[in-house]
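Novice: I'd like to ask you about the structure that follows.
The values are calculated or read from the model by the stated rules, or taken from the named source; none is laboratory data. Everything numeric here is computed off the predicted structure, so don't read it as measured data. Reconstructed Cβ throughout: ideal geometry from the backbone, glycine too, with neighbour counts over all protein chains shown.
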Amino acid sequence: SGRWARAMEILKELEENCATPIGKLRQVADAMTVEMLAGLASEGGSKLKMLISYVDNLPKGDETGLFYALDLGGTNFRVLRVQLGGKGGRVVKQEFEEVSIPPNLMVGSSSELFDFIAAALAKFVASEGEEFHLPVGRQRELGFTFSFPVKQTSISSGTLIKWTKGFAINGTVGEDVVAELTKAIERQGLDMRVTALVNDTIGTLAGGRYYDNDVVAAVILGTGTNAAYVEHAQAIPKWHGLLPKSGKMVINMEWGNFRSSHLPITEYDQALDAESLNPGEQIFEKLISGMYLGEIVRRVLLKMAEEAALFGDSIPPKLEVQFILRTPDMSAMHHDTSSDLRVVGTKLKDILGISNTSLKTRKLVVKVCDIIAKRGARLAAAGILGVLKKQGRDTALRDGSDMQRTVIAMDGGLYEHYTIFSNCLETTLREMLGEEATASIVIKLASDGSGIGAALLAASHSQYL
Ligand code: ADP
Ligand code: MG
């Protein structure tokens with residue numbers, strides 16, 4: 001019928017506008033490298049902030065003692081404690097708890113959010129068992145993983161540049177987030193000092209390096225997306241401080257804010273951005289990350305409902321609700337291997353109130369998921385290639401006789417759970433690097449590496465050293 005033909009037309013247009021042929025991906029990778037240079041050259045020199053982390057030494061494995069970490073992501077926050085045993089013992093014991101952030105706190109006041117976090121932290125500290133040892137007279141120390149852009153003023157202080165993802169809290173931008181957390185910790189009557197403030201990318205890099213010496217970059221693919229890597233301190237013109245002894249500095253790219261004319265942006269992306277909490281910002285993130293993929297799919301399906309009556313004569317009301325289709329549900333539909341696409345049928349019914357869908361319609365829904373997920377995964381691969389190029393690690397290098405190994409620590413629920421997405425990312429990266437370079441590059445999943453990483457950085461910046 002004419003309706004189905006119109007649906008196919010919308011699909012075809014989507015496919016064309018989301019296309020990411022290798023040539024385009026190379027342009028994206030090159031643009032990423034160029035923006036990295038610009039962001040390192042001067043403050044405000046690029047959409048890429050290329051933030052200096054004040055981490056000039058990564059964990060060596062000799063850290064010892066009891067340390068806490070608090071990881072504030074986009075969806076959950078985790079509290080963690082770890083007993084570090086040094087070179088031989090490594091992580092002697094580790095415990096964590098995960099708490100989801102009540103949505104109302106994401107758009108409430110700063111003190112409410114920090115009070116909620118500090119209360120959970122205090123409760124967690126109270127459950128500390130005998131296996132953890134704090135030397136007499138010492139204060140507990142904490143690494144704070146904060147997954148938002150921060151202008152660091154030292155390893156343990158920094159001001160919020162902007163909220164991202166689902167957060168919009170008045171009055172925190174420009175404030176020192178460690179001071180905010182410290183005040184909330186004091187209000188709980190908890191005796192604890194924040195000795196390291198780290199972005200989740202930095203935490204993941206540190207946690208990754210602790211277990212593998214060849215980790216030189218970290219990528220987050222969760223609610224949002226970001227990357228960090230090890231840079232030569234002399235290659236950072238905007239850094240006017242003393243050169244660190246190590247000669248290295250870890251950079252938090254804030255790549256979620258990357259944008260380029262080479263990015264394949266559709267009408268759906270433009271509308272999503274315009275109606276978002278942060279219009280014009282985080283454009284790369286809005287194409288790639290877990291917060292947005294399901295929402296893009298919803299917008300495409302809505303257009304098909306409106307213009308091709310895909311789900312019948314009236315538009316299913318729930319299909320008009322922003323963010324109702326979450327990426328984990330999109331992922332579940334995309335991974336449906338049943339012959340009648342049962343999961344797709346159930347999800348459409350349960351989430352969008354659309355019942356009795358035909359197999360043809362379900363297949364179309366899967367196809368939309370496929371286009372959106374693969375565009376995101378391929379763009380993420382291009383971003384990684386851009387970083388590898390900046391590091392001079394995109395070609396097979398020999399150092400001495402050995403092949404130089406490059407490990408990228410990866411974290412985030414999107415990468416971890418959305419298998420089609422992560423497989424597509426790896427295939428694309430391989431395709432762009434070629435066989436020889438691929439052999440020296442490893443992507444290593446470091447689930448919750450950022451928590452351990454923050455604890456390790458708290459240890460290496462302890463007040464008692
Ligand atoms: P955060 O980014 O908040 O620190 P995570 O790294 O745990 O938290 O990532 C959570 C995000 O990962 C979710 O918001 C969701 O977008 C995505 N995600 C979680 N599970 C799945 C899944 N099964 N399939 C696809 N995406 C998922
Ligand atoms: Mg996280």
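Novice: Inspect the range 254-266 for any residue being crowded, with 24+ Cβ neighbours inside 10 Å, among the aromatic types (F, W, Y) and closer than 18 Å to L205 by Cα and give the result as yes or no.
Specialist: Yes: the range 254-266 contains one or more residues that are crowded, with 24+ Cβ neighbours inside 10 Å, among the aromatic types (F, W, Y) and closer than 18 Å to L205 by Cα.
Novice: What do you reckon, is A308 farther than 30 Å from G386 by Cβ and either surrounded by 14 or more Cβ atoms within 10 Å (Cβ to Cβ) or in contact with a Pro (Cβ under 6 Å, 6 or more places away or on another chain) (or both)?
Specialist: yes
Novice: If you check every pair at least six apart or on different chains, which have Cβ atoms under 6 Å apart with a residue in the range 221-237 that is touching a residue at least 24 places away in the same chain (Cβ under 8 Å) first and a residue that is within 16 Å of ligand 2 (Cβ to nearest atom) and assigned to a strand (DSSP E or B) second?
Specialist: Listed by first residue and then by second, the contacts come to N226/I220; A227/V219; A228/A218; A228/N252.
Novice: Quick one: I408 ticks every box in (1) in contact with a strand residue (DSSP E or B) (Cβ under 7 Å, 6 or more places away or on another chain); (2) free of Cβ contacts under 8 Å to residues at least 12 places away in the same chain except a single one, so which number is it?
Specialist: (2)
Novice: Further question on the same structure: Here are some residues: L302, L310. Which one is part of a helix (DSSP H, G or I) and either away from ligand 2 (no atom under 16 Å from the Cβ) or touching a His at 6+ places or on another chain (Cβ under 7 Å) (or both)?
Specialist: One residue alone meets the criteria, L302.
Novice: So, one more: Can you tell me how many residues in the range 422-446 are touching a helix residue (DSSP H, G or I) at 6+ places or on another chain (Cβ under 6 Å) and either among the hydroxyl-bearing types (S, T, Y) or more than 16 Å from ligand 2 (Cβ to nearest atom) (or both)? Spell out the reasoning first.
Specialist: Initially, the range 422-446 is screened for residues touching a helix residue (DSSP H, G or I) at 6+ places or on another chain (Cβ under 6 Å), giving 422, 424-425, 428-430, 432, 438, 446.
Within this subset, residues satisfying the condition of being either among the hydroxyl-bearing types (S, T, Y) or more than 16 Å from ligand 2 (Cβ to nearest atom) (or both) are 422, 424-425, 428-430, 432, 438.
Number satisfying all stated conditions: 8.
Novice: Next question. Does the range 320-329 hold any residues that are of a type in the set (A, V, I, L, M) and either near ligand 1 (Cβ under 7 Å from one of its atoms) or farther than 22 Å from L359 by Cα (or both), and which are they?
Specialist: Those that are of a type in the set (A, V, I, L, M) and either near ligand 1 (Cβ under 7 Å from one of its atoms) or farther than 22 Å from L359 by Cα (or both): V321, I324.
Novice: Suppose the filter is under 16 Å from L66 (Cα atoms) and without any contact (Cβ under 8 Å) to a residue 40 or more places away in the chain; does G137 pass it?
Specialist: Spelling it out, G137 is indeed under 16 Å from L66 (Cα atoms) and without any contact (Cβ under 8 Å) to a residue 40 or more places away in the chain.
Novice: Would you tally the residues in the range 31-58 being over 21 Å from L242 (Cα atoms) and in contact (Cβ under 8 Å) with a residue 24 or more places away in the chain?
Specialist: Result for the range 31-58: 8.
Novice: Scan the range 185-192 and tell me whether some residue there is of a type in the set (V, I, T), touching a residue at least 60 places away in the same chain (Cβ under 8 Å) and either out of contact with any Cys (no Cβ under 9 Å at 6 or more places or on another chain) or in a helix (DSSP H, G or I) (or both).
Specialist: There is at least one residue in the range 185-192 that is of a type in the set (V, I, T), touching a residue at least 60 places away in the same chain (Cβ under 8 Å) and either out of contact with any Cys (no Cβ under 9 Å at 6 or more places or on another chain) or in a helix (DSSP H, G or I) (or both).
Novice: Further, regarding this structure: Any idea which residue in the range 44-90 is surrounded by the fewest Cβ atoms within 10 Å (Cβ to Cβ), counting only those that are basic (K, R) and away from ligand 2 (no atom under 16 Å from the Cβ)?
Specialist: Filtering the range 44-90 for residues that are basic (K, R) and away from ligand 2 (no atom under 16 Å from the Cβ), the one surrounded by the fewest Cβ atoms within 10 Å (Cβ to Cβ) comes out as K87.
Novice: In the set L221, L160, which member is more than 16 Å from ligand 1 (Cβ to nearest atom), surrounded by 16 or more Cβ atoms within 10 Å (Cβ to Cβ), hydrophobic (A, V, I, L, M, F, W, C) and under 26 Å from F323 (Cβ atoms)?
Specialist: Going through L221, L160 in turn, the sole match is L160.
Novice: Please enumerate the residues belonging to the range 121-154 that are within 16 Å of ligand 1 (Cβ to nearest atom) and either assigned to a strand (DSSP E or B) or surrounded by fewer than 18 Cβ atoms within 10 Å (Cβ to Cβ) (or both).
Specialist: Those that are within 16 Å of ligand 1 (Cβ to nearest atom) and either assigned to a strand (DSSP E or B) or surrounded by fewer than 18 Cβ atoms within 10 Å (Cβ to Cβ) (or both): G143, F144, T145, F146, V150.
Novice: Among the residues of the range 411-438, which ones are assigned to a strand (DSSP E or B) and surrounded by fewer than 24 Cβ atoms within 10 Å (Cβ to Cβ)?
Specialist: Passing the criteria: none in range.
Novice: Let me ask something else about it. Considering only residues of the range 169-192 that are surrounded by fewer than 17 Cβ atoms within 10 Å (Cβ to Cβ) and in contact with a helix residue (DSSP H, G or I) (Cβ under 8 Å, 6 or more places away or on another chain), which is nearest to V407 (Cα to Cα)?
Specialist: Out of the qualifying residues, it is E175.
Novice: Exactly one of (1) in a helix (DSSP H, G or I); (2) of a type in the set (D, E); (3) in contact (Cβ under 8 Å) with a residue 24 or more places away in the chain is unmet by E112. Its number?
Specialist: Exception for E112: condition (3).
Novice: Quick one: Y292 ticks every box in (1) more than 16 Å from ligand 1 (Cβ to nearest atom); (2) free of Cβ contacts under 8 Å to residues at least 60 places away in the same chain except a single one, so which number is it?
Specialist: The single condition Y292 does not satisfy is (1).
Novice: Assess whether D336 counts as being touching a helix residue (DSSP H, G or I) at 6+ places or on another chain (Cβ under 6 Å), of a type in the set (D, E) and more than 23 Å from G166 (Cα to Cα).
Specialist: So D336 fits the description; yes.
Novice: If a residue has to be surrounded by 20 or more Cβ atoms within 10 Å (Cβ to Cβ), among the aliphatic types (A, V, I, L, M) and in a helix (DSSP H, G or I) to count, how many in the range 313-350 make the cut?
Specialist: Residues that pass the stated criteria total 5.
Novice: If I filter the range 356-377 down to residues being part of a loop (DSSP other than H, G, I, E, B) and at pLDDT 95 or above, which single residue comes out as farthest from ligand 1 (Cβ to nearest atom)?
Specialist: For the range 356-377, the residue satisfying everything is S358.
Novice: How many residues are in a loop (DSSP other than H, G, I, E, B), under 23 Å from V407 (Cβ atoms) and within 16 Å of ligand 2 (Cβ to nearest atom) if we restrict to the range 193-244?
Specialist: Count: 3.
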